[in-house]
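Down below is the structure, laid out as structure tokens.
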Amino acid sequence: MVSANISISIQGLTRDRSCALHGRILSLKQDPTHLHYQTIWPTPYPLSPPSSVKSSAIGTPDVEDDTESLIHHYLNLGPDLTALYEHWSSVDLNFKKRAPKFTGVRILKQDAWEALVGFICSSNNNIIRISQMVRSSHYSKRCSYIKLFQVHNLCLHYGPLIGHINNQAIHDFPTPESLTGAGVESHLRELGFGYRAGYIAKTARIVANERPEGWLQTLSNPELFEDGLDQKGLPEGGREGYRKAHEELLQLQGVGPKVADCVCLMGLGWGESVPVDTHVWQIAQRDYKFGKGKHKSLTKATYDAIGDHFRNLWGKEAGWAHSVLFAADLKTFSGRLITKLEVDVDEVKIKQEDGSAFESKVIMKREYALDEVKEESGEGKDGIILESSRSQRAKRRRTR
DNA sequence: TAACACCCTGTTAT
DNA sequence: AATAACAGGGTGT
């Protein structure tokens, strides 16, 4: 009996598991062995021949259903995760120690403009509010009845209407042009964006008015649509295209080094981009000897040094490796710290509702209770006990 | 280079 | 129960 799993966390995925992706509405769900998808709109989509779907050209218009390759691309399912994890583990003992509990982490290939706006919203902010601002249909249980109907966000107010599902309007992400109006900033403030309203309005104007058509895409990695992952040939500081993209993005409003690197990594396909936020800064201090001497505080110089260190250590997909360690530290995933995941590789099928399928390698995981892990791991490894409960954290604070 | 303000929300501490 | 601090995937000045 095979137990396989892909953990999906997609921006804008609603409770009924529908989301807008590249102008269409998809419904996604997963069971222990499969990732299911269905094209809700446009409607007569999933009538394509089962076996011939393989990766035909991306640009082929409406004759064939390219939804499959779309999902495959967006979830970045091409690269062999096991091989990547093995490589990072072989060059870094700390990665080897921490990564096994966090298998299956992949870098989404997001739309660059959407990623840009999303990460501008992320500054000094928490994840829940970010998703509420940008794409959300996230209904917190604590939201009042009234608030349920006040879920304002960027897509709802400025994005083109794609269609409806369950009487709920689905909007795609707004273009830069649609955010250049006179009242945008004040409106976004009313919608709860705070000072990020100004960032978005100004950045939208710069992109729409002061940059050539398609400018953002020209900054992307030309290999964005390939799955090749050779590990060599990474110059100090990253490839020229990456450095150029980073530098250009810094010219925008509300975009500092961290946001620029997020866009480079997730929106533009530059795998060596290493966004250093407060979490990564903590990790760098705790596990990689930063925080002393020349790199006492997180200045721009320190920021670049951390990125260079990880690029030298992990190679071309340093940003990916960094995301694994980042996930291992996120409070959001702390629930996963009390379980141990046994890792194996298996072929699973990703199939459509009509039964056609293609295969993809994913990580197989089995979860074990904490007690069993304690026996195995022995000698006081701190990785598991940390953050596993509130009482323990409170205790730790008091003893400082 | 180091502070500090910036919006606002959920959590934790009194 | 109510209210005060505070941090939360930074950036601009």
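The values are calculated or read from the model by the stated rules, or taken from the named source; none is laboratory data. Just so you know, these numbers come straight off a predicted model, no measurement behind them. Ideal geometry is used to build each Cβ from the backbone, glycine not excepted, and the neighbour counts take in all protein chains shown.
Residue pairs, Cβ under 7 Å, 6 or more apart or interchain, first in the stretch A:269-285 and acidic (Asp, Glu), second within 16 Å of DNA strand B (Cβ to nearest atom). List them.
Here the result reads A:Asp277/A:Lys258, each pair linking the stretch A:269-285 to a residue that is within 16 Å of DNA strand B (Cβ to nearest atom).
What pairs come up if the first residue lies in the stretch A:116-133 and is more than 13 Å from A:Tyr199 (Cα to Cα), the second is more than 8 Å from DNA strand B (Cβ to nearest atom) and assigned to a loop (DSSP other than H, G, I, E, B), and their beta carbons are under 6 Å apart, counting only those six or more places apart or on different chains?
These pairs meet every condition: A:Ile130/A:Ser122; A:Ser131/A:His138; A:Gln132/A:His138; A:Met133/A:Asn153.
List pairs: first residue in the stretch A:163-192 and closer than 26 Å to A:Gln217 by Cβ and in contact (Cβ under 8 Å) with a residue 60 or more places away in the chain, second residue in a loop (DSSP other than H, G, I, E, B) and of a type in the set (Gly, Ala, Ser) anywhere in the structure, Cβ distance under 7 angstrom, at least six positions apart or on different chains.
A:His171/A:Gly159; A:Asp172/A:Gly23; A:Asp172/A:Gly159; A:Phe173/A:Gly159
For the stretch A:325-336, check the following and say yes or no: at least one residue is in contact with a helix residue (DSSP H, G or I) (Cβ under 8 Å, 6 or more places away or on another chain), modelled with pLDDT of 90 or more and away from DNA strand B (no atom under 14 Å from the Cβ).
Taking every residue of the stretch A:325-336 in turn, at least one turns out to be in contact with a helix residue (DSSP H, G or I) (Cβ under 8 Å, 6 or more places away or on another chain), modelled with pLDDT of 90 or more and away from DNA strand B (no atom under 14 Å from the Cβ).
For the structure I just gave you, tell me whether A:Ser48 is part of a helix (DSSP H, G or I) and modelled with pLDDT under 90.
It is false that A:Ser48 is part of a helix (DSSP H, G or I) and modelled with pLDDT under 90.
Just name the residue that is farthest from DNA strand C (Cβ to nearest atom) out of those in the stretch A:153-194 that are of a type in the set (Val, Ile, Thr) and more than 15 Å from A:Ser27 (Cα to Cα).
Applying the filter and picking the extreme gives A:Thr175.
Given the criterion at pLDDT 95 or above and more than 15 Å from DNA strand B (Cβ to nearest atom), identify the matching residue among A:Glu213, A:Glu223, A:Glu236.
A:Glu213
Could you tell me which numbered condition A:Lys109 fails, if it satisfies all but one of (1) in contact with a helix residue (DSSP H, G or I) (Cβ under 6 Å, 6 or more places away or on another chain); (2) at pLDDT below 75; (3) of a type outside the set (A, V, I, L, M); (4) within 19 Å of A:Leu35 (Cα to Cα)?
Single failed check for A:Lys109: (2).
Within the set of pairs 6 or more residues apart or between chains, which connect a residue that is free of Cβ contacts under 8 Å to residues at least 12 places away in the same chain and closer than 15 Å to A:Lys97 by Cβ inside the stretch A:305-330 to a residue that is away from DNA strand C (no atom under 16 Å from the Cβ) and assigned to a helix (DSSP H, G or I) with Cβ atoms less than 6 Å apart?
none
Exactly one of (1) out of contact with any Lys or Arg (no Cβ under 8 Å at 6 or more places or on another chain); (2) surrounded by fewer than 16 Cβ atoms within 10 Å (Cβ to Cβ); (3) more than 24 Å from A:Asn94 (Cα to Cα) is unmet by A:Val259. Its number?
Failing condition for A:Val259: (2).
Would you check which residues across the stretch A:252-294 are over 23 Å from A:Ala327 (Cβ atoms) and either touching a helix residue (DSSP H, G or I) at 6+ places or on another chain (Cβ under 7 Å) or at pLDDT 95 or above (or both) and list them?
Across the stretch A:252-294, the qualifying residues are A:Leu252, A:Gln253, A:Gly254, A:Val255.
Does A:Gln132 count as within 13 Å of DNA strand C (Cβ to nearest atom) and either modelled with pLDDT of 75 or more or assigned to a loop (DSSP other than H, G, I, E, B) (or both)?
yes
So, in the stretch A:283-315, exactly how many residues are basic (Lys, Arg) and either under 30 Å from A:Glu86 (Cβ atoms) or within 14 Å of DNA strand C (Cβ to nearest atom) (or both)?
4
Restricted to the stretch A:282-311, and to residues that are part of a helix (DSSP H, G or I) and more than 25 Å from A:Leu250 (Cα to Cα), which residue is nearest to DNA strand B (Cβ to nearest atom)?
A:Gly293
Mind checking which residues of the stretch A:184-210 are of a type in the set (S, T, N, Q) and either within 11 Å of DNA strand B (Cβ to nearest atom) or under 25 Å from the mean Cα position of the chain (by Cα) (or both)?
Within the stretch A:184-210, A:Ser186, A:Thr203 qualify.
Out of all the residues in the stretch A:166-179, which are over 10 Å from A:Ala20 (Cβ atoms) and hydrophobic (A, V, I, L, M, F, W, C)?
The answer is A:Ala169, A:Leu179.
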